[in-house]
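First the structure, in the form of structure tokens, and then the observations on it.
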Amino acid sequence: MEADQLVFFVNGKKIVEKNADPEMTLLTYLRRKLGLTGAKLGCGEGGCGACTVMVSHYAPRQQRVLHSSVNACLAPVCSLHLSAVTTVEGIGSVARKLHPVQERIARAHGSQCGFCTPGMVMSMYALLRNNPCPDMSHLEDAFQGNLCRCTGYRPILEGYKSFTTEGGCCGGGGKEGGCCLTNGNKADETLTNGNEDPGESEPLFQPSEFEPFDPTQEVIYPPELMALQLAPAPPGPPPGPLRFRGERVEWLQPSTLEQLLVLKELHPQAKVVVGNTEVGIEVKFKNMLYPVILAPAFIPELQEIQHTPQGIVFGAACSLTCVGEELKRAVATSPAHQTQVFEAVLEQLRWFAGLQIRNVAALGGNIMTASPISDLNPVLQATGCTLTLASTAGLHQVQMDRFFLGYRRTAVQPHEILLSVLIPYSTKWQFVSAFKQSPRREDDISIVTTAMNVTFTPGTSVVKELKLSYGGMGPTTVLAEATGSKLVGRLWGEELLEVACSSLAEEMTLDPSAPGGMVTYRRTLTLSLFYKFYLTVLQKLAAEGVSVEALGSDRLSATELYHSETPTSVQLYQDVPEGQRREDVVGRPIMHLSALQQATGEAVYVDDIPLYQNELYVALVTSSRAHARILSIDSSEALLMPGVEACLFADDVPGSNITGPAILDETVLAQDTVTCVGHIIGVVVADTQIHAQRAARAVKVSYQDLSPLILTIQEAIAAQSFYQPIRTLQRGNLEEGFQLADHILEGEVHMGGQEHFYLETHVTLAVPGEDGEMELFVSTQSTAKTQSLVALALGVPASRVVVRVKRMGGGFGGKESRSTLLSTVVALSAQRLRRPVRCQLDRDQDMVATGGRHPFYARYKVGFQKSGKVLALDVSYYGNAGNSMDLSLSIMERALFHMENSYSIPHIRGRGFLCKTHLPSNTAFRGFGGPQGMLVTESWMSDVALELGLPAEKVRRVNLYQQGELTPYGQVLDRLTLDRCWDQCLQRSQYHQRREALDQYNSQNRWTKRGLAIIPTKFGISFTALFLNQAGALVHIYTDGSVLLTHGGTEMGQGLHTKMVQVASRVLGVASSQIHVSETSTSTVPNSSPTAASASSDLNGAAVQNACEVLRKRLDPYRTQNPKGSWEDWVKAAYFNRVNLSANGFYKTPDLGYDFETNSGRPFNYFSYGVACSEVEVDCLTGSHKCWPLGAAAA
């Protein structure tokens, strides 16, 4: 039987796909088939929102068009039949007209690297299509499924507040005249009680200048699509199921329930897919293959909602969003005692994934996946929900408490489907609560989730029935049946609580090696969450007039459900000096140069570059062992698979297989041995990404495990597995310092690593040229290092390799050196096959192969006086470097340079050990070792305050550096602003008033506690490697007066190009609109330093300044000759006089240089100082926490 045509609309244009592939996602279709690259691939599992688009379809039950934000990375393109898709390109463009949603995020400075921006735009757009006048709670719900790694969300929310009913107030506290953003009053007035600093803070943007939002002017739903959906059914039997066939999978979309049941009978092992939020993950990340997919999303019976005397019956294909909306209506219109179950479901739905997932994920799908950590299944199980199963043989019902048979196994037979779910009404003396504990509150999988359902004998506190259901405590959602039985007939009081906790501790056990770990914590949560339920029910019984134990006010906070506060924020910045020309943009908060393009999806990232006609794709073959000898590699099966062109291994490297960013201690492709999981062994080159990845999984590698296997810092210390050298930094006399001390403390600090999670994973496109040339488009912070290592691997001079960087979707240090892992193998493939080759790593492979922030362990000994003054410190740092040196030595050196943070310590010694382990090499990350060094300092500083019984802020203040003091490495601290920062932060945060309020709160609340901290920082600005403190620039002036600016720094969202334009604009005296930055390239500025170390604005800015000053001097005679002329006049005059209108600039930081052997020199050009204050509330029963808004100061 022939496949059907897939018909849908994209941005109003009809798409008819004759060869729809069930394995292709909407994201791939948009990007590869339609060339719409605005939606991005961030995570591939619906967790980051970078791929968000809006999908619209006519809903017969509601009799209206529904607009839903959807993760295009999970949505199968086949699921879009007779739907309308709107992408970021479809709502506006720079060339055409910006939509207000695009304009506001850009002008509010809410787009930095820009990779998440199209997804943010489409989430907001979909919200406005459904609700043109949202409030802040709607806005926060809309963004639950969107991540941003750059902005901290503040500017995004500030820009989009302007659409809400709250009007975008910045927290002006009801200041007369309205919002501070629209009226231009000083933002810090509410923080400083009117004590303004006249040199700070004008509004960052003016909402009054935004394009008005008119919901009546939105793109209409395609009339042709509406006509197709409203057309009466033709006479006779209904049409057969839609069929779409790919290479491996057949998609069947029945139009009636009868068709679905027949198909399930014919294909009992077929997967039933509605939202694809679970199956999509299994296929992509678990390599599952389901040859037949049944897609029943639009069968009326599966979408039906019925109100019955027992409760509400939901069709199994109802989306979670639909379920939530219906339950909210029921809660609003029904007696409170009837809606206890509904409210428990709604509480779990608040934190269930993101809105994009809830919009498509089906209630039935959530049940059928039988996840042991499901958020909803414990509620459905504990409250006795009834499931209706259907097959060709008829219907039958199953109770949820007998539904789960084992891990991912249910009572549903292969030929059956789940038809509907009855969520029951509660009764007068029934109380239900649900809880979820997860690493983060929004859009995260649970650690433990639970629902608790108790029914009392009317008018008493005697338990009639009790059901406790837990997720995360076994291979299935489990009922604590033994505990429930023991508590029946007991009074709801202290004795019951004691029995319950004892019984739960016995019943809710976990094997120490249980998947997910945290066994002790999870077992503790079962008791803590029951205690919360116990207190909640006590409150409710008391409210009903039942005589129960009085609940003290100090325990009330344990019963409160989390409700987020409406975000408020203020940003302060130094205003430009009085009298500065308005045309001079230096110091002014101008919009990121690419913000508008990023908001419209027109900004081009590496994987957005259109496919070359004969382009190939690379997939990596990586090690599954941490330390092993490679015995054999069999690629024969892979070479026979569709689309495969080649498999390349170490022997295929034409140049040097030895590589490394600082020390040549790594391999391009593993040879003989592997030293970490994720070590690249080879590559498969094929015609498409999916073909390459399938073939890579077919390559068989045989290993022999080797000893020792060293993974942790402790294992490395035990084995004395260290890289050399071991760094030492010392000043003063330790022995003397400890002798003078009144107290001595010793301790240790452990800190884990951190994943960079740049939204754009590592990506490279390599295009071979003639005579050994290679052009590389790379997402990297280090063009020169990429160039040199690729040239080394290819065996060609560096001059034959050109590396180009337009922009990155985030870097954070993760693309300073580890990007070369991918770039070298992609270039190798392009050279061998003489064709363009591309590769963008999937998120899971990127995380496995590239390493992150160094885990650290530190031992310290600190001596101090009774006053809190620290006299001596001896600290040893151990960093987990991984399987190669990478940049670990420099990272450890910076940790040592920051071992005292902002405190003057006369006698100090720090030692740094780099642990050689069998993990992927850890690498640069924001702060580059500084945060690890400072965290250890602040840890022992808090211990000192605790030991002395003194306020921590007093101990920190007494130890702060003073002007002119020396650091442990002998650098004089001039231009010190720590005092000013400290005092400003205390004032703006109202620290002492908050401290009093906090102490009072803690005395009145037993189970939630608040903490307050004020922490200083001192960060040295310069590369610690002397030779890197240099930069170059190249500036061209064209005869029409336009300026092309290039420099050695790369743009990753920090606005470096924007700042360079500001510098050039001031020096040349031209409008910034006349200056353009195209890209960073090794062919224009050679030998550039990595964009890192918080030094790129200084280095590249000075180089740009140098080049522009040269050009300005060349133009000065023509300004003098024609003082009333224009810039264009002077440029043309110079050109016709044969003056060179191109200049290169160069800068090197003066007076730098440090020697660890002699502890002498000047490692930093200057220091950046800051002080931050934070208040955190912790739930002592669960460990949940939330931050309260405060303030900071920096200089």
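Taking the conditions (1) in a strand (DSSP E or B); (2) touching a residue at least 60 places away in the same chain (Cβ under 8 Å); (3) within 18 Å of residue 659 (Cβ to Cβ) in turn, residue 776 satisfies each one other than (2). Taken over the stretch 802-848, residues that are over 26 Å from residue 1078 (Cα atoms) and in contact with a His (Cβ under 6 Å, 6 or more places away or on another chain) amount to 1. Here residue 745 fits the description: among the hydrophobic types (A, V, I, L, M, F, W, C), over 21 Å from residue 670 (Cβ atoms), at pLDDT 95 or above and open to solvent by less than 40 Å² (accessible area, probe 1.4 Å).
Quick check, is residue 876 hydroxyl-bearing (Ser, Thr, Tyr) and in a loop (DSSP other than H, G, I, E, B)? Here the answer is no, as residue 876 does not meet what is asked. Exactly one residue out of 1175, 1157 is over 30 Å from residue 1049 (Cα atoms), of a type in the set (Asp, Glu) and open to solvent by 30 Å² or more (accessible area, probe 1.4 Å), and it is 1157.
Within the stretch 749-806, being among the polar types (S, T, N, Q), open to solvent by 30 Å² or more (accessible area, probe 1.4 Å) and in contact with a Lys or Arg (Cβ under 8 Å, 6 or more places away or on another chain) holds for one residue alone: 754. Out of the residues in the stretch 286-318 that are buried (at least 19 other Cβ atoms within 10 Å of the Cβ) and more than 24 Å from residue 262 (Cα to Cα), state the one that is farthest from the chain's Cα centre (by Cα). Among those residues, the one meeting the criterion is 311. For the condition open to solvent by 10 Å² or more (accessible area, probe 1.4 Å) and more than 24 Å from residue 307 (Cα to Cα), what is the one hit in 410, 386? Only one candidate qualifies: 410. Within the stretch 535-558, the set of residues being closer than 16 Å to residue 1180 by Cα and modelled with pLDDT of 95 or more comprises just one member, 535. If you check residue 17 against the conditions, is it farther than 24 Å from residue 808 by Cα and open to solvent by 10 Å² or more (accessible area, probe 1.4 Å)? Yes: the conditions hold for residue 17. Screening the stretch 699-713 for residues that are touching a helix residue (DSSP H, G or I) at 6+ places or on another chain (Cβ under 9 Å) and within 26 Å of residue 855 (Cβ to Cβ) and picking the one that is least open to solvent (accessible area, probe 1.4 Å) gives 710.
Within the stretch 1129-1146, track down each residue that is open to solvent by 60 Å² or more (accessible area, probe 1.4 Å) and either more than 24 Å from residue 1088 (Cβ to Cβ) or assigned to a loop (DSSP other than H, G, I, E, B) (or both). Within the stretch 1129-1146, 1129, 1132, 1135, 1136, 1137, 1138, 1140 qualify. Within the stretch 649-667, restricting attention to residues that are over 35 Å from the mean Cα position of the chain (by Cα) and under 14 Å from residue 680 (Cβ atoms), the residue that is least open to solvent (accessible area, probe 1.4 Å) is 653.
Go through (1) over 30 Å from residue 93 (Cα atoms); (2) in contact (Cβ under 8 Å) with a residue 40 or more places away in the chain; (3) under 39 Å from the mean Cα position of the chain (by Cα); (4) open to solvent by less than 70 Å² (accessible area, probe 1.4 Å) one by one and return the number of the condition residue 270 breaks. Tallying (1) over 30 Å from residue 93 (Cα atoms); (2) in contact (Cβ under 8 Å) with a residue 40 or more places away in the chain; (3) under 39 Å from the mean Cα position of the chain (by Cα); (4) open to solvent by less than 70 Å² (accessible area, probe 1.4 Å), residue 270 fails exactly one: (2).
Each residue in the stretch 445-460 was checked for being touching a residue at least 40 places away in the same chain (Cβ under 8 Å) and either part of a strand (DSSP E or B) or out of contact with any Gly (no Cβ under 7 Å at 6 or more places or on another chain) (or both), and 11 of them qualify. Taking the options 570, 546, 576, 585, name whichever one is touching a Cys at 6+ places or on another chain (Cβ under 7 Å) and either open to solvent by less than 60 Å² (accessible area, probe 1.4 Å) or closer than 30 Å to residue 1063 by Cβ (or both). The match here is 570. Selection of strands (runs of 3 or more DSSP E) fully inside the stretch 598-648 by the criterion of at least 2 residues being open to solvent by 80 Å² or more (accessible area, probe 1.4 Å) and not polar (S, T, N, Q) returns 628-634. Just one of the listed residues (61, 31) is of a type in the set (Lys, Arg) and either open to solvent by less than 20 Å² (accessible area, probe 1.4 Å) or part of a loop (DSSP other than H, G, I, E, B) (or both), namely 61. Filter the stretch 714-750 down to the residues that are among the aliphatic types (A, V, I, L, M) and in contact (Cβ under 8 Å) with a residue 60 or more places away in the chain and list them by number. Across the stretch 714-750, the qualifying residues are 716, 717, 726, 729, 734, 740, 741, 744, 745, 749. When residue 244 is tested against (1) within 29 Å of residue 842 (Cα to Cα); (2) out of contact with any Asp or Glu (no Cβ under 7 Å at 6 or more places or on another chain), exactly one condition is not met: (2). Would the stretch 942-949 turn up any residue that is farther than 23 Å from residue 1163 by Cα, open to solvent by less than 10 Å² (accessible area, probe 1.4 Å) and not charged (D, E, K, R)? There is at least one residue in the stretch 942-949 that is farther than 23 Å from residue 1163 by Cα, open to solvent by less than 10 Å² (accessible area, probe 1.4 Å) and not charged (D, E, K, R). Can you pull out the residues in the stretch 987-1016 that are buried (at least 19 other Cβ atoms within 10 Å of the Cβ) and out of contact with any Leu (no Cβ under 9 Å at 6 or more places or on another chain)? Residue satisfying the conditions is 1015 alone. Residues in the stretch 34-58 that are open to solvent by 10 Å² or more (accessible area, probe 1.4 Å) and either at positive phi or of a type outside the set (A, V, I, L, M, F, W, C) (or both): 6 in all. Taking the stretch 319-373 as the region of interest, the helices (runs of 4 or more DSSP H) fully inside it that hold 2 or more residues being over 21 Å from residue 64 (Cβ atoms) are 340-350, 363-368. Of all residues in the stretch 1-24, those that are without any contact (Cβ under 8 Å) to a residue 40 or more places away in the chain have Cβ atoms under 7 Å from Cβ atoms of residues that are β-branched (Val, Ile, Thr) and surrounded by 14 or more Cβ atoms within 10 Å (Cβ to Cβ), 6 or more apart or on another chain, in 16/7. Scanning the stretch 559-603 for residues that are at pLDDT 90 or above and basic (Lys, Arg), we see that the one that is nearest to residue 139 (Cα to Cα) is 588.
When you check residue 352 against the structure, is it within 29 Å of residue 561 (Cβ to Cβ), among the hydrophobic types (A, V, I, L, M, F, W, C) and open to solvent by 10 Å² or more (accessible area, probe 1.4 Å), yes or no? When the stated conditions are applied, residue 352 passes them.
Within the stretch 231-247, being under 45 Å from the mean Cα position of the chain (by Cα) and loosely packed, with under 10 Cβ neighbours inside 10 Å holds for one residue alone: 231.
Restrict the check to the stretch 495-507 and report whether at least one residue is open to solvent by less than 20 Å² (accessible area, probe 1.4 Å) and closer than 14 Å to residue 462 by Cα. Yes, because at least one residue in the stretch 495-507 is open to solvent by less than 20 Å² (accessible area, probe 1.4 Å) and closer than 14 Å to residue 462 by Cα.
The values are calculated or read from the model by the stated rules, or taken from the named source; none is laboratory data. Quantities reported herein were computed from a predicted structural model and do not represent experimental measurements. Cβ coordinates were reconstructed from backbone atoms using ideal geometry, including for glycine residues, and neighbour counts include every protein chain displayed. Side chains are part of the model used for accessible areas, which takes the heavy atoms of the whole protein and leaves out ligands, DNA and RNA. Shrake-Rupley method; radii C 1.70, N 1.55, O 1.52, S 1.80 Å.
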